[in-house]
Amino acid sequence: EAGVAQSPRYKIIEKRQSVAFWCNPISGHATLYWYQQILGQGPKLLIQFQNNGVVDDSQLPKDRFSAERLKGVDSTLKIQPAKLEDSAVYLCASSLDTSGSWYNEQFFGPGTRLTVL
Amino acid sequence: GDSVTQMEGPVTLSEEAFLTINCTYTATGYPSLFWYVQYPGEGLQLLLKATKADDKGSNKGFEATYRKETTSFHLEKGSVQVSDSAVYFCALSSDKIIFGKGTRLHILP
């Protein structure tokens, strides 16, 4: 079974530039998550989709971050414009869950490491 | 708000040593508790979980017991191997999932 795919793996940009990350979840997984992991900290949930609807985006900085999940499959996360403090690893995860329960296992991709100069 | 505190690393042990990584939590409700592991160069993986008080999660020789009275979910393994070297994250879930900062574990041969 293929895992969660993310691209690119690494990205270096200058502040005020834009950047987009792509995630392809495991086939059949209804729920998709984007996390931000700053060096030395645990992952922080940015947004959760169930199929193509947003379940939770309370921690997404909406003035500069946006995300979409077209057709309930792939997802993109965009930052525009980027700030120095956005330097982090952006993780995508998916789960079979369709009930909104956090009990079900999440499967994580390898992440995209973003450096903002 | 809800939070997770885990012991700071790095933790360095010799092979076959006993491992404990402490994790305590603060939550208003009755969260589920998790340990995730991140091996070098790989994504996060669920190691074990527990959903209610006194539940014990176990996997790959690791164990953790959900202790409501001490609000703890300490990770233990009786005899570690070099292949256990990784970063371990404690997490809780109520209305959202919250991760600790992670503990890096080095096992020396």
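The values are calculated or read from the model by the stated rules, or taken from the named source; none is laboratory data. It should be emphasised that the depicted structure is a prediction, and the values quoted were computed from it without experimental measurement. Heads up, the Cβs are rebuilt from the backbone with ideal geometry, glycines too, and the neighbour counts pull from every protein chain shown. For accessibility, only protein heavy atoms count, side chains too; no ligands or nucleic acids. Shrake-Rupley method; radii C 1.70, N 1.55, O 1.52, S 1.80 Å.
On the protein heavy atoms, probe 1.4 angstrom, tell me the percent of accessible surface of chain B carried by carbon and sulfur.
47 percent
For a quick check of your reading of the filter: which GluC sites (Glu not before Pro) in region B:40-109 sit in a DSSP loop and have no more than 12 other Cβ atoms within 10 Å?
Listed in order of number, the matching sites are B:GLU69.
If you wrap a convex hull around the alpha carbons of region A:1-85, what volume per residue comes out, as a whole number of Å³?
Per-residue hull volume (Cα only) is 104 Å³.
Would you mind giving the mean number of other chain beta-carbons within 10 Å of the Cβ of each residue in A:107-114, as a whole number?
For peptide A:107-114, the averaged partner shielding equals 3.
For the protein assembly as shown, count the residues as N, evaluate 2.2 N^0.38 Å, and divide the Cα radius of gyration by that value, please.
After normalising by residue count via 2.2 N^0.38 Å, the value is 1.02.
Take the Cα gyration tensor of chain B, multiply each eigenvalue by 5, square-root it, and list the three semi-axes largest first, rounded to whole angstrom.
23, 14, 12
Determine the distance separating the Cα centre of region A:14-29 from the Cα centre of region A:39-117; give it in Å without decimals.
Between the Cα centre of region A:14-29 and that of region A:39-117, the gap is 8 Å.
Peptide B:95-102: average number of partner chain Cβ atoms within 10 Å per residue?
Counting other chains' Cβ atoms within 10 Å and averaging over B:95-102 gives 6.
Pick from A:LEU60, A:LEU70, A:LEU45 the residue whose mean-square fluctuation is largest in a GNM of chain A, springs joining Cα atoms under 10 Å.
Judging by the Gaussian network model, the answer is A:LEU70.
To the nearest 100 Å², how much accessible surface do chains A and B hide from each other in total, with a 1.4 Å probe?
1500 Å²
Cα-based Rg of region B:1-62 per 2.2 N^0.38 Å, rounded to two decimals?
1.27
Take every residue in peptide A:33-42, count the Cβ atoms of other chains within 10 Å of its Cβ, and give the average of those counts.
3
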